[in-house]
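Comments concern the structure below.
The values are calculated or read from the model by the stated rules, or taken from the named source; none is laboratory data. Quick caveat, the model's predicted, so the values are computed rather than measured. Because the Cβ atoms are built from the backbone with ideal geometry, glycine has one as well, and the counts that use them run over all protein chains shown.
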Amino acid sequence: MLVGYSDCHLIADGAELGIAARIGKPVSCHPLMSQIPLLILTLSGLCFGAQAADTNARDVIKPGDDLSLTVLNEPDLSFALQTVDQEGGVTIALLGRVQLAGKSVKAANAEITAAFANGYLINPGIALNIVSYGEYQTVSVQGKVRQPGAVSFRKGEWIDALRAIQRAGGLTDPKVRKVVLQRSGALESVGDIAMMLDGKQARMTLRDGDLLVVGE
């Protein structure tokens, strides 16, 4: 279990994240939400709620999950069991490799249906389901990172904001400092990357299903 990092680890993390300088005022960990008009809060809550319903439900596909795919009247295109690989993809006949991790079963069904309908099948009937859940946990990293999307970790592995950014390819802009954590569709905390690297701020531990927005 990781309980702390030495200065050497912090410097190494900084290099991997592409941070060239640590200047400016630190970002507040708790924005003054009370000053936001009620209408904006209401609209934000609706947006967050919709996102939570889609991305934090039990049916979100993750690396390690076992899936089944039934294509109506097309047994050669169907499969009874296939495991989502660590990069989040599966291989589907005619379509090739399809990236599914981080998507709900509903969204994955819609995507596969559209793909088959695009020159392969007429009115395809698709049924993709999760047969069993894998040994990975997933967070979504969005914003100013080189490879935005789902980032996977083995269950029990400690996840923090800096490691998640590294797994997402690092920062696109070395001056980026702000990172926002959303959990279960609601704002959880706001952090400062440079301060976390310097050990002046907690490294923002993440949980399965969290959304991390970098620099926006």
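Inside the stretch 64-118, can you point out the residues that are surrounded by fewer than 13 Cβ atoms within 10 Å (Cβ to Cβ), polar (S, T, N, Q) and on the phi < 0 side of the Ramachandran plot?
Scanning the stretch 64-118 gives 91, 118.
For the stretch 189-203, enumerate the residues that are touching a strand residue (DSSP E or B) at 6+ places or on another chain (Cβ under 7 Å) and farther than 17 Å from residue 143 by Cα.
201, 203
Go through the stretch 78-98 residue by residue and tally those that are under 19 Å from residue 139 (Cβ atoms) and touching a residue at least 40 places away in the same chain (Cβ under 8 Å).
Adding up the residues that qualify gives 3.
For the stretch 98-216, please list each of the helices (runs of 4 or more DSSP H) lying entirely inside it that holds at least 2 residues being under 30 Å from residue 76 (Cα atoms) and of a type outside the set (S, T, N, Q).
Once the helices (runs of 4 or more DSSP H) in the stretch 98-216 are filtered for at least 2 residues that are under 30 Å from residue 76 (Cα atoms) and of a type outside the set (S, T, N, Q), what remains is 105-117.
From the list 156, 143, exactly one residue is over 26 Å from residue 94 (Cα atoms), out of contact with any helix residue (DSSP H, G or I) (no Cβ under 6 Å at 6 or more places or on another chain), surrounded by fewer than 16 Cβ atoms within 10 Å (Cβ to Cβ) and among the small types (Gly, Ala, Ser). Which is it? Let's see the steps before the verdict.
On the way: 143 fails: surrounded by fewer than 16 Cβ atoms within 10 Å (Cβ to Cβ).
Every option except 156 fails the conditions.
From the list 194, 202, exactly one residue is outside the structural domain of residue 100 (by TED's automatic domain parsing), more than 21 Å from residue 64 (Cβ to Cβ) and free of Cβ contacts under 8 Å to residues at least 12 places away in the same chain. Which is it?
Going through 194, 202 in turn, the sole match is 202.
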